[in-house]
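The values are calculated or read from the model by the stated rules, or taken from the named source; none is laboratory data. Only a predicted model underlies this, so the values are computations on that prediction, with no experimental measurement involved. Please note: Cβ atoms are built from the backbone with ideal geometry, for glycine as well, and neighbour counts cover all protein chains shown.
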Amino acid sequence: MYSISYNDFSLADIELRNMVGDTSATFPRLLVQFRCHVRPPRAEGDNKVTWFVRDVRGHLRASVHENWLLGNLVTTDTSVPFMITTSDRSELTITLACDLDPGRLAVAERCRAKHPERDFPYSFKLIFFIDGPYGPRAHSCDIVGHFPQSEWLKVLKAMGKGRYLSVEIPMPSLPEEEKWKEAMQRLQQARHNFDDGHYDTSVSCSRSALDLAANAMGEPEFVGQAWDKALGGVDHADKREALKQLFQGLRALGNLGPHPVKGKKASFDPNKLPVSFSRDEAEFVLQQTAVTLAFIGNVLASPERA
């Protein structure tokens, strides 16, 4: 709990209540709600003192240690201005907005990736502009802490972070059509894991979706012969080779994450531990996997291959 003061008078205590994404904005806008417990000093005798909080401003920084500035905070509703009197013992909510962009969100995610629990580390600087018996004053306070990962993921989703490309994936006629359907289901699992913040699992599911697509073409893994079958309709050798390298790189990226090996006991070389993926990296793998499967599906469904 943090204090709002005017000269030597403690007027109220303030704490973070919640952070939400503004779903009505056409750009990433973070709404920050603060709970304000008004507890001004009692007047002596019949003297009644009034303080007028005419504005609240501030800024948000990500990570207490790196102290990276994300944006300014401004009022958005009718909760400010407000009055405080010596007889007031109320509670109110102050809502401030912080306009962001993809670059600033990426900074926030890099900070969050360093937190042991993947929580969002925040540092708010609030400035209260107060008119009182001794004239106008400005009081500042710092509010620091960690916002839980589960709640921060809801904020990102509301702000549009992680919205997906609209990709139409056809259902071509293949030797093992059920495996193609399983590949689509595994891709959906990758998306759900991404939304839930399980980025390593999302990457593993994306890699598995590629292998299931290869199974649908009669191949055990998304390597070698599977690439040749998927690219058989591409009309130029250089294009086929470049696309094959893209496929190879995408699958190699997915292979860096942890995944079970059938029939083998799990053991790790200390110099080659499974790689952990950030949100942006998992999003890249997920979207590239969806685009790759759409490309392969369109190639295999082409009338020229019938």
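Which numbered condition in (1) surrounded by fewer than 16 Cβ atoms within 10 Å (Cβ to Cβ); (2) out of contact with any Ser or Thr (no Cβ under 8 Å at 6 or more places or on another chain); (3) over 30 Å from Asp280 (Cβ atoms); (4) among the aliphatic types (A, V, I, L, M) is the only one that Val74 fails?
It is condition (3) that Val74 fails.
Those residues that are touching a Cys at 6+ places or on another chain (Cβ under 9 Å) and surrounded by fewer than 13 Cβ atoms within 10 Å (Cβ to Cβ), I need them from segment 4-41; list them, please.
Glu15, the sole residue that qualifies.
For His192, only one of the following conditions fails: (1) more than 26 Å from the chain's Cα centre (by Cα); (2) loosely packed, with under 14 Cβ neighbours inside 10 Å. What is its number?
(1)
Has segment 270-277 got at least one residue that is at pLDDT 75 or above and surrounded by fewer than 19 Cβ atoms within 10 Å (Cβ to Cβ)?
yes
Here is a list of conditions, (1) surrounded by 13 or more Cβ atoms within 10 Å (Cβ to Cβ); (2) at pLDDT 75 or above; (3) within 28 Å of the chain's Cα centre (by Cα), and Gly249 meets all of them except one; can you say which number that is?
(1)
If we keep just the residues of segment 112-133 that are hydrophobic (A, V, I, L, M, F, W, C) and closer than 30 Å to Ser5 by Cβ, which is surrounded by the most Cβ atoms within 10 Å (Cβ to Cβ)?
If we take residues in segment 112-133 being hydrophobic (A, V, I, L, M, F, W, C) and closer than 30 Å to Ser5 by Cβ, then Phe128 is surrounded by the most Cβ atoms within 10 Å (Cβ to Cβ).
Out of (1) of a type outside the set (S, T, N, Q); (2) in contact (Cβ under 8 Å) with a residue 24 or more places away in the chain; (3) not in a helix (DSSP H, G or I), what's the single condition that is false for Phe194?
(3)
Within segment 106-143, count every residue that is farther than 22 Å from Asp196 by Cβ, assigned to a loop (DSSP other than H, G, I, E, B) and touching a His at 6+ places or on another chain (Cβ under 6 Å).
Within segment 106-143, the subset farther than 22 Å from Asp196 by Cβ is 107, 123-143.
Add one more test, that the residue is assigned to a loop (DSSP other than H, G, I, E, B), and what stays is 133-134.
If we keep only those that are touching a His at 6+ places or on another chain (Cβ under 6 Å) as well, we get none.
Residues flagged as farther than 22 Å from Asp196 by Cβ, assigned to a loop (DSSP other than H, G, I, E, B) and touching a His at 6+ places or on another chain (Cβ under 6 Å) within segment 106-143 amount to 0.
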